[in-house]
């Protein structure tokens, strides 16, 4: 076991099953998060750079240094069709690590989106390209290429652990990470939840109360809820 | 006087006059806030979850516990046509207390919007439904149903005191609370302000200076303002 | 040298060359920031109040006091065609110092936008007017007119030094300040960068890697980057 | 009912019972908050300006305007022996509204501390005077005396509703507000809790587990907790 | 592989070598972080609740739910001599999950400190007990015992991955996590660094410049540094 | 005029008069800020790393890059007896740019303190050395030496403009910057203020009200203040 995982690029990573990824892409982040048992969510400061951005794919991870986007170029070579780049920095830093040139490169190599705890720029161009990005900041500030980070090591992004090859799904509600080995199981569970919700939505729309639909009245009374006039 | 107002649902609350609410709904939050004498505004971190969201109605208040949205279901039963749910949590918490199912239920029961110091999810669906929500956070994270809060007690939301039945108005500029007893008076005053502004806008558009229109030059000179070249 | 630059309005300020401003207006903030040598950028909390807002012009600076927008009216008189008002406050304050009436006045006097470390209101109206505003906050809260600040003194806004007459450019990526004396030089440099990027974008879109295009492989190896399987 | 409670000084306010205040002063904020039923706590950003600060007394409330401490002087006249000034501002503002001169004045008039959502200065002197202050900010920035606020109106401070005459207690754990009418009841309840805790502390110190002392094992098992090796 | 790691208590965890832990305890967090290769550090918002707090031990991890400290009691039973509890919550929450009673219990069972992304209370008592705590918040607000989390699962705390049995070291500079398998190696490396620093400190104290001691002048000149008068 | 002031070290800078600096060192930041006419203050997030830290001296400025403290070593050579290093970074970054080794070096070269918008580490050692530091963050995270910044250029630190040679004064209340040319004048004015305050403090301590001492009653009445019972 090495003491230091800086300066490393892992080339062969196992990726989640494509069919499972495709199935997961049909569900919202909130549904997937519930299907996961309410774990795996990034913190709410990870936001889309344009309304309606959505992504779902297998993670290629990048550890950056503050003010330095060198490893983004290294990561580009490791992309395969459908991959999502998940980038974190060794310190909080809002610099613009990513812009339309890198997006062009990522897309050409198969990349389908970016999740970054850090800043991005050229957001108007990225929106025009419909290249989905979820970030903790937007900043025009450029970066240098001077210090090594790593590609495809496990890392913490937005407060969530991401292993290379995990499925990353993001929409207006946030970003969730599904371990590769659980992708199919979570997709199936999400589907079941969604089917189940259709019926509930219909009943609620008809005016039925959650109090009755979920049989809450007795538990509430036991817990001591009192109605007063 | 009880020491504890947790676990209480107040059923019969006085609501602001419907005609006054309707009149208030014609004015912006900035205008109403001025008409109130510059009080009653929530803090600026209360933001619409989609651009253009607007709401105006009588408040049904909900006190939540962190990570727990049980009381939202209790509140649904207390809604009447035109009500706005105003929810606060006993601690800062960005969890997604509210999503499209609850919105469906609220709407079916007469609810016309939500103001919440806390998080919400399913924002894409809520925008599609055009169900207006003003919140302090967006998060996919779900909640449990385990601990009692209260419904229709006075509470502090976004730094403002809200009593059940107060009128709550929200737009892109923020959220303002109008005590029920003042609704008509504030609506009238807002109308007067708006009429007054039409004339001012015309004069300013024609190039007249505020310095002259508001007669500021003398006061500025007295205060010591110096012009230099 | 006076100890105190409060209560001062400087009338005759040198403005950046109009042709240089016009040329700068064709480039994005990220490009201009790079062309400046990566300096002059405001902090990322300075954000557009509506998506797509863009401004470029010569700065008229305003120092405000918390909760007080008196100096905004004084500034209106100093505007010339194409000017941008850059406002800062002597303390962090999110009050709505600016709304649609002032925007109407500024526009009538030649003002073409506002950059403010502070709050603004009437954002729906401002968006409808397409009057570009970049601010650190949005708030319906109004202000008084009681305490002197200054107009056209050097000030710090969003963490950047702004001298009256500097060129201020802002878009979705942020706000950058170009000293008047450098405007032409920066515009030329930005143009050169943009031409250069066209070629790069084409190569990256064709699948060429930044690693090869920028000759990074050797430097990365020297820095110790290791590829593992 | 007036639409506007700015510019008002209420002179005769009911104060909580002195004996109840004295009894409350013996307990920590965490204990009192529990005794209250877990309500009445200010947000955690309200912090002591020096370690070990502690206060307990009857509230005289002050509503300030941003950058303006005029009402602090008006409040000084309303103080009686043992009073605590509780100040809030109509907008978030970190200016130094209070320093050693006002502390000297407050103390001379009977004031025993300050709780302020806003800034204070002269903290070294205040610590030397052992004048307890809990604030949301520290700032050397001075204020003007130009705009009216109010004294002894109900207000929201640190997210909690404070009525004049309520008991305010603050220590290293935060600030809690006890409605005047509940002061004795809460003090008694706090005392009971503290006595109860003595026994618990002894048992825990002897190595007994909370799992056993609180009989949690069965409930945990029912909730589904699983032990694995 | 289970989809859900909520509701699990792992009893037998491997712990880092005691001698390695003891050696690590002699070094500061900054030194250990450097010895690790600049990884493993928690975010800077993790702060000691009293000046001078220091801890070093083997981690017992606890995943909490917002507003709920049930799992803290479950964790107490899993403690062995010298352990440090590392707690995170499924959502940002500043509630006081921990106070002097739990500290008494932890200490009685061998616990030697707490690192928590969340709030704590009774800080005066904890300081008096000299029970070291590093947290993201201080709050008097109590919690309930209603929802399951887990004990001794891998978790993310303060932005760092923590596995049960890892060594956690914390002082005024922050908190660092050393994987159990690397503890001895990092301790040795930290010792070497510290010995090396003694010599450097002496030379710097004598007025020698880092520019000369680290031979920076040539590299700086090559990078283009220019001295002007 | 150069477009780029990165990579520059200015060697000969004018320093404020030593006698004026010595006189300024006798006054608190709040007093100096008032004497300046309420300008020149850094933002309140600039805080001392240990209670009671105080510094006053002539500024040597350093512009850093994120994650990189190379320029600190360059700055050390430019120090003269009594200088204060004022450092800012081209982006918000909490890394530990400074620790006890650099403090040792700075002190040996005449440095008497540090003001930095950025992070520092070894705070326990720095406190033991009584080397005063005011920073925006504390972090154990180390930095690299790879990218040029500048020394002794004008820069913005904590929201205030600092020119090399300006006097910087910092204490528990914050940090204030006095332009070199104004140092003597501000010191004299601060002295006058302090003498004046002695008398006021005595009168307030005797129970006289600010309302009377400052003749506020009439102005308050004119502004519309109403006393009610």
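Pick from D:193, D:107: which is assigned to a helix (DSSP H, G or I) and within 14 Å of chain E (Cβ to nearest Cβ)?
On the way: D:107 fails: within 14 Å of chain E (Cβ to nearest Cβ).
The conditions single out D:193.
Selection of the range D:52-82 for residues being free of Cβ contacts under 8 Å to residues at least 60 places away in the same chain and buried (at least 24 other Cβ atoms within 10 Å of the Cβ) yields D:66, D:72, D:76. Looking across the range D:204-214, the residues that are surrounded by 15 or more Cβ atoms within 10 Å (Cβ to Cβ) and outside any loop (DSSP other than H, G, I, E, B) come down to D:204, D:210, D:211, D:213. State yes or no: is residue A:165 facing another protein chain (nearest Cβ under 8 Å) and either in contact with a strand residue (DSSP E or B) (Cβ under 7 Å, 6 or more places away or on another chain) or within 27 Å of residue A:44 (Cβ to Cβ) (or both)? When the stated conditions are applied, residue A:165 does not pass them. Is it true that residue C:87 is surrounded by fewer than 22 Cβ atoms within 10 Å (Cβ to Cβ) and under 12 Å from the mean Cα position of the chain (by Cα)? No; evaluated as a whole, the condition is false for this residue. Modelled with pLDDT of 95 or more and within 20 Å of residue C:57 (Cβ to Cβ) - does that describe any residue in the range C:203-218? The answer is no, given that none of the residues of the range C:203-218 is modelled with pLDDT of 95 or more and within 20 Å of residue C:57 (Cβ to Cβ). A single member of F:170, F:146, F:187, F:206 is more than 14 Å from chain D (Cβ to nearest Cβ), over 30 Å from residue A:90 (Cα atoms) and touching a helix residue (DSSP H, G or I) at 6+ places or on another chain (Cβ under 9 Å), and it is F:187.
Does residue A:20 satisfy the criteria of being closer than 20 Å to residue A:175 by Cα, modelled with pLDDT under 95 and in contact with a helix residue (DSSP H, G or I) (Cβ under 9 Å, 6 or more places away or on another chain)? Judged against the criteria, residue A:20 is not a match.
Of all residues in the range A:125-141, those that are facing another protein chain (nearest Cβ under 10 Å) and surrounded by fewer than 20 Cβ atoms within 10 Å (Cβ to Cβ) total 1. Might you let me know whether the range B:132-142 holds any residue that is outside any loop (DSSP other than H, G, I, E, B) and farther than 26 Å from residue C:123 by Cβ? No, that holds for no residue.
Of everything in the range C:215-225 that is out of contact with any strand residue (DSSP E or B) (no Cβ under 7 Å at 6 or more places or on another chain) and at the interface with chain A (Cβ under 9 Å from one of its Cβ atoms), the residue that is surrounded by the most Cβ atoms within 10 Å (Cβ to Cβ) is C:220.
Per-residue answers, yes or no, for (1) surrounded by fewer than 20 Cβ atoms within 10 Å (Cβ to Cβ); (2) touching a strand residue (DSSP E or B) at 6+ places or on another chain (Cβ under 8 Å); (3) not in a loop (DSSP other than H, G, I, E, B):
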| residue | (1), (2), (3) |
| --- | --- |
| A:116 | no, yes, yes |
| A:146 | yes, yes, no |
| A:161 | yes, yes, yes |
| A:169 | no, yes, yes |
| A:183 | no, yes, yes |
| A:187 | no, no, yes |
| A:198 | yes, no, yes |
| A:201 | yes, no, yes |
| A:227 | yes, yes, yes |
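Taken residue by residue, the range E:57-72 has no member that is at pLDDT 95 or above, closer than 22 Å to residue E:195 by Cα and within 13 Å of the chain's Cα centre (by Cα). Does residue F:13 satisfy the criteria of being more than 28 Å from residue C:90 (Cα to Cα), within 8 Å of another protein chain (Cβ to nearest Cβ) and surrounded by fewer than 24 Cβ atoms within 10 Å (Cβ to Cβ)? Judged against the criteria, residue F:13 is not a match. For residue B:6, the requirement of being closer than 21 Å to residue B:152 by Cα and modelled with pLDDT of 95 or more is not met. Residues of the range F:63-81 that are within 14 Å of chain A (Cβ to nearest Cβ) and not in a helix (DSSP H, G or I): F:63, F:64, F:65, F:66, F:67, F:68, F:69. Between F:19, F:53, F:88, the distinction of being more than 14 Å from chain C (Cβ to nearest Cβ), at negative phi and not in a helix (DSSP H, G or I) belongs to F:53 only. Here the range F:23-39 is the region considered, the condition is being surrounded by fewer than 24 Cβ atoms within 10 Å (Cβ to Cβ) and more than 9 Å from every other protein chain (Cβ to nearest Cβ), and the residue that is nearest to residue F:129 (Cα to Cα) is F:25.
A single member of E:151, E:120, E:175 is farther than 30 Å from residue B:70 by Cβ, in contact with a strand residue (DSSP E or B) (Cβ under 9 Å, 6 or more places away or on another chain) and crowded, with 23+ Cβ neighbours inside 10 Å, and it is E:175. For the range B:149-159, the candidate set comprises residues that are under 17 Å from the mean Cα position of the chain (by Cα), more than 7 Å from every other protein chain (Cβ to nearest Cβ) and in a loop (DSSP other than H, G, I, E, B); within that set, the residue that is nearest to residue A:175 (Cα to Cα) is B:158.
The values are calculated or read from the model by the stated rules, or taken from the named source; none is laboratory data. A quick note: this is a predicted structure, and the numbers were derived from the prediction, not measured. Here the Cβ is made from the backbone with ideal geometry for all residues, glycine too, and neighbour counts use every protein chain on show.
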